[in-house]
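The values are calculated or read from the model by the stated rules, or taken from the named source; none is laboratory data. Not measured: the values here are computed from a predicted model. Backbone-built Cβ (ideal geometry, glycine too); neighbour counts: all protein chains shown.
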Amino acid sequence: MTREINDRAEETLARSVSGDQMAFAAIVREHQGMVFSLAYHFLRDRSLAEELAQEVFLLLHQNLSAIKSPAHLTFWLRKVTSHRCIDQTRRLKAKPQVSLDDVPEPVAVNAPSDPMLSQALRRVIDTLPEKARLVVILRYMEDLEPTEIAEILDMPINTVKSHLRRSLATLREKLTRCIGELYV
Amino acid sequence: MSRLDDELRIALRREEPSPDFVSRVMSALPAPRDEKQPWWQQLVDMLRMPRARFVAAGAAAALVIAIGALQYSRLQAPALEAEAPQQAARTQAPSTDSQAKESAAQDRLAASGAGEKKESPRLDKPSRVSGPRKLRAATPAAELASSREPKAAAPKAPSTKGAAKSAGEIAKDKLMMALRIASETLNETQKLIQGED
């Protein structure tokens, strides 16, 4: 089954490289969730995230001949989206970076998997430094290993692990203060 | 796995963009190039443009003129080569004529000089002396004049006439020969056909 899916993906990629617009549309449809989500969780703005995602796919269309396989395509999309997110933040200077100690504690909640908790978590993640934020997003949204994150962000693996450790520690501290030990 | 990890996964789950996202991306793509169109079709499309027609006509005219000029120069070259010796002959002939005139003048001078000398020696010396002198004075000029005559005639030798036969005439002869051979072959063929009938 996996082989069939992989073969289909290879065929779609090959057709899009040769100029098949329908094949390229299929690629966009398949990967739009990943690209958009990565941009949205980083920028916290839907319209900005869609605009960035569109730019990424336009860039993909120009560089289709450089894509070697479906796995390479996924890696390429993640890498370009991550770097574009950082560029966008620096360009807009939307949210100033805040020290983790200054982040306000989320409102106390009772139930697990509470939408309010998710919202609070997102708010805390939003105020993390750029690179640390991307590390956390790639780790928990895409379920990537530190080595993969290091390749995407062009970062040493120890730096990735350090970012992850410190960010989780801060998130845990903030949530513990708010929710209590049951949660963490 | 801690609950924080679970909550982070829930908080950071994938979300979909607006429903028309794909169509917006596709509409923003550049128009695809029609690579299937053959090169001659592209040329025809290009020539359909009004300005391109004039450019093409001008280019064609320039090409025709260039080819015509080249052919003209090629045709003129053998004629010029044939004329060159004739021109050389013409340039030499006036010089020989002038040399003949010079020699005649020298003869006259020689004759007049001998005559003058004749007068003085008449007073001082006997006439016998002037005779030989006169003869001696006249002889080199005469020799010069006589020797020059054949030289003057030299440029008019028949070899220039042979060179004047241009390459065009040679080609013409060859063409006539080829036509003759072709007509003979046709006649033979006709006879064979008539014989079979």
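A compact table of results
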{"read-out": "The stretch B:22-52, residues that are within 30 Å of A:PHE36 (Cα to Cα) and modelled with pLDDT under 70", "value": "B:PRO32, B:ARG33"}
{"read-out": "Selection count, the stretch A:126-147, where residues are without any contact (Cβ under 8 Å) to a residue 24 or more places away in the chain and part of a helix (DSSP H, G or I)", "value": "3"}
{"read-out": "Identity of the residue in the stretch A:97-134, among the hydroxyl-bearing types (Ser, Thr, Tyr) and either in contact with a Gly (Cβ under 7 Å, 6 or more places away or on another chain) or over 23 Å from A:ASP87 (Cβ atoms) (or both), that ends up modelled with the lowest pLDDT", "value": "A:SER99"}
{"read-out": "Condition check for A:SER118: part of a helix (DSSP H, G or I), under 19 Å from A:LEU38 (Cβ atoms) and polar (S, T, N, Q)", "value": "yes"}
{"read-out": "Within the stretch A:31-68, tally of residues that are without any contact (Cβ under 8 Å) to a residue 40 or more places away in the chain and not hydroxyl-bearing (Ser, Thr, Tyr)", "value": "21"}
{"read-out": "Count - residues of the stretch A:42-81 that are more than 14 Å from chain B (Cβ to nearest Cβ) and within 23 Å of A:VAL124 (Cβ to Cβ)", "value": "0"}
{"read-out": "Count of the stretch A:7-19 residues which are surrounded by fewer than 16 Cβ atoms within 10 Å (Cβ to Cβ) and more than 9 Å from chain B (Cβ to nearest Cβ)", "value": "7"}
{"read-out": "Residues within the stretch A:115-146 that are away from every other protein chain (no Cβ under 11 Å) and under 13 Å from A:SER167 (Cα atoms), tallied", "value": "8"}
{"read-out": "Every pair of residues 6+ apart whose Cβ atoms lie under 7 Å, when the first sits in the stretch A:18-30 and is without any contact (Cβ under 8 Å) to a residue 12 or more places away in the chain while the second is assigned to a helix (DSSP H, G or I) and of a type in the set (A, V, I, L, M, F, W, C)", "value": "A:GLN21/B:MET26; A:ALA25/B:VAL22; A:ALA25/B:MET26; A:ARG29/B:VAL22"}
{"read-out": "Test: residue in the stretch B:57-66 that is modelled with pLDDT under 80, part of a helix (DSSP H, G or I) and not aliphatic (A, V, I, L, M)", "value": "yes"}
{"read-out": "Filtered residues of the stretch B:15-29 (kept if more than 60 Å from the chain's Cα centre (by Cα) and either more than 7 Å from chain A (Cβ to nearest Cβ) or farther than 27 Å from A:TYR140 by Cβ (or both))", "value": "B:PRO19, B:ASP20, B:SER23, B:ARG24, B:MET26, B:SER27, B:ALA28"}
{"read-out": "Checklist (1) away from every other protein chain (no Cβ under 11 Å); (2) at pLDDT below 95 applied to A:ILE149, failing item", "value": "(2)"}
{"read-out": "Out of A:PHE36, A:PHE24, sole residue that is within 13 Å of chain B (Cβ to nearest Cβ), crowded, with 19+ Cβ neighbours inside 10 Å, of a type in the set (Phe, Trp, Tyr) and within 22 Å of A:LEU144 (Cβ to Cβ)", "value": "A:PHE36"}
